[in-house]
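A short worksheet on the structure shown next.
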Amino acid sequence: RKMDSGQWHVEKRSTLRNESFLKEYGPVSETGSLSIVVLGASGDLAKKKTFPALFNLYHQGFLNPDEVHIFGYARSKISDQELRDKIRGYLVDEKNASEKAEALSKFLQLIKYVSGPYDSEDGFKRLDKAISEHEISKKTSEGSSRRLFYLALPPSVYPPVCKMIKAWCTNKSDLGGWTRIVVEKPFGKDLESAEQLSSQIGALFDEPQIYRIDHYLGKELVQNMLVLRFANRFFLPLWNRDNIANVQILELKAVVDTLMNTESFVILFKTTCSRQILCLVAMEKPISLKPEHIRDEKVKVLQSVMPIKDEEVVLGQYEGYRDDPTVPNDSNTPTFATTILRIDNERWEGVPFILKAGKAMSSKKADIRIQFKDVPGDIFKCQKQGRNEFVIRLQPSEAMYMKLTVKQPGLEMQTVQSELDLSYKQRYQDVSIPEAYERLILDTIKGDQQHFVRRDELKAAWEIFTPLLHRIEKGEVKSIPYKPGSRGPTEADQLLEKAGYLQTHGYIWIPPTL
């Protein structure tokens, strides 16, 4: 900036590591003891996601050690120290182990383990006793403390676990405290099972107490979508059927990341995860940023989606999938799905929303791609080079870039495709981007349900996909073989072309280096 003396003075831009996160999230204003209970504490999800997220929140100052205590509950008969030793290696990387050693030691001392079955009164009575002892030690009056139950468990045990929590472990909310439960996806296998699960949990807890977690809604660039759409003037007049040709939402896993799974609903559920992103791309502006106003608009989008046509679906199964001895020789289980959704409203009539998910693909990535229509009157004869596209790369290498046609440098008038690029690792070098689970767990503590799935939203989503799932199970829609490490079935590319997607040839986005 320019000084009064007329000379220029260079100032380093302040980092956003904790300032912006603290400004948005914390410190959490509620006081009193906070008990976080991880059910399924000895399982992979808890070890790899839940406990690391809790440690990172603690390390960044969002969990006050004078208020919080963490309880693990599972069937395994292990001690407090054995659980701590079990999760220790997942909490820090080797490269920063020394600088976090003290924080790690203090965090692990906050963890207590209780062993018991998931349908046992005795087990949950012991858990409640342990929680109450912690609350008394913090001099918290009965009923004014906060209890958060994170179910890192298969959905099949949600109902009995919730019954036990309700019967033996809930706080008395009328005295200022609260009890909240976090449940992981999948939320059922189809509409019937999802509604049954919702009814069972809903009979025990009110909707404001239930947090259906979908980690994609915690990703930085997904959370950026509302800001991009409604805080930037130049997007407002473009974001409609008059200018946008198609929208793609992709989640692809490479061969090395592929895990065996024999249930057809899994790959289709990836596309229902994509519908969370679809809602943010397609929704109207909410009347405020209150969670319920945002979720109202998301539900309206889902309720406007037309029934899926079989001719607008391509399923695939990678070659070698049936070699696993647990997979039937005649399995029709899809490991790849491209589905076109159409939204029947004024803004999006005629615009295909292409949801694509696959395993054993040529690359691992998750993208949102908004492709714009051709420029009328192509005086530069450059349409074959490709259309304008706004791409949001969710992973890996978080970025946003706009594909543009520009003049190629030189004496001749030749055009070439390039990009305007915002790559997060380059632009925000000093910023620690929080993991999705960190953000969502903190939202749960704060009571902010904006980034969680509401019951009517879940129902509307399953109403879209359940008829297709049932047709797949009956063998009416077949999976097409494709080679591992490929783009998937060629029929999927043909479907995209038929839907109006124009692939760019000769252009590759290269993430900038630091």
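The values are calculated or read from the model by the stated rules, or taken from the named source; none is laboratory data. Worth saying up front: this structure is predicted, and the values here are computed from it rather than measured. With ideal geometry, Cβ positions are generated from the backbone for all residues, glycine too; neighbour counts draw on all protein chains shown. Ligands, DNA and RNA are stripped out before the accessible areas are found, and what is left, the full protein with its side chains, is counted by its heavy atoms. Shrake-Rupley method; radii C 1.70, N 1.55, O 1.52, S 1.80 Å.
Worth a mention:
- Classified by the C-alpha gyration tensor, the stretch 444-514 has an oblate form. Its axis ratio a/c, with a ≥ b ≥ c, is 1.5 or above, and a/b does not exceed b/c.
- Taking each DSSP H run with n ≥ 4 as -39500 (n - 2.57) and averaging over every residue of the chain yields -9000 deg cm²/dmol at 222 nm.
- Surface share of carbon and sulfur [accessible, 1.4 angstrom probe, percent] for the stretch 270-325: 53
- log₁₀ of I(q)/I(0) at q = 0.12 Å⁻¹ - the chain, Debye sum with one point per alpha carbon: -1.24
- Within the stretch 140-193, GluC sites (Glu not before Pro) in DSSP loop having at most 16 other beta-carbon neighbours inside 10 Å: Glu142
- Using heavy atoms of the protein chains and a probe of 1.4 Å, the accessible area assigned to Ser105 is about 60 Å².
- Average accessible area per residue (Å²) across the stretch 95-141 - probe 1.4 Å, nucleic acids and ligands excluded: 57
- By the rule of a C-alpha distance below 14 Å, with chain neighbours fewer than 8 residues away ignored, the aspartates and glutamates paired with Lys86 are Asp44.
- Taking every protein chain into account, the 1.4 Å probe leaves Thr140 with about 20 Å² of accessible area, to the nearest ten.
- Cβ-Cβ distance of Asn224 and Asn329, R₀ of 51 Å, FRET efficiency by 1/(1 + (r/R0)^6): the value works out to about 0.65.
- Those aspartates and glutamates that a straight Cα-Cα span of less than 13 Å connects to Lys138, excepting residues fewer than 8 apart in one chain: Asp66, Glu67
- Taking a ≥ b ≥ c as the square roots of the eigenvalues of the alpha-carbon gyration tensor, the stretch 186-242 is classed prolate because a/c is 1.5 or more and a/b outweighs b/c.
- Cleavage-rule hits, chymotrypsin sites (Phe, Trp or Tyr not before Pro), the stretch 359-422, DSSP coil, Cβ neighbours within 10 Å at most 15: Phe380
- Subset of Lys48/Lys139; Lys359/Lys384; Lys219/Lys253 violating a 28 Å alpha-carbon distance limit: Lys48/Lys139; Lys359/Lys384
- Gyration tensor (alpha-carbon) shape descriptor, the stretch 349-456, a/c threshold 1.5: prolate
- Whole-percent carbon and sulfur share, accessible surface of the stretch 164-214, 1.4 Å: 51
- Helical segments meeting 20 Å axial Cα length and Kyte-Doolittle 1.0 threshold in the chain (DSSP H): 264-282
- At most 14 other Cβ within 10 Å, DSSP loop - trypsin sites (Lys or Arg not before Pro), the stretch 408-514: Lys474, Lys478
- Candidate aspartates and glutamates - alpha carbon under 15 Å from Lys49, same-chain residues fewer than 8 apart omitted: Asp93, Glu184, Asp214, Glu435, Glu438
- Accessible area per residue, Å², the stretch 309-371 with all protein chains present, probe 1.4 Å: 38
- Accessible area in square angstrom per residue, the stretch 173-257, 1.4 angstrom probe: 41
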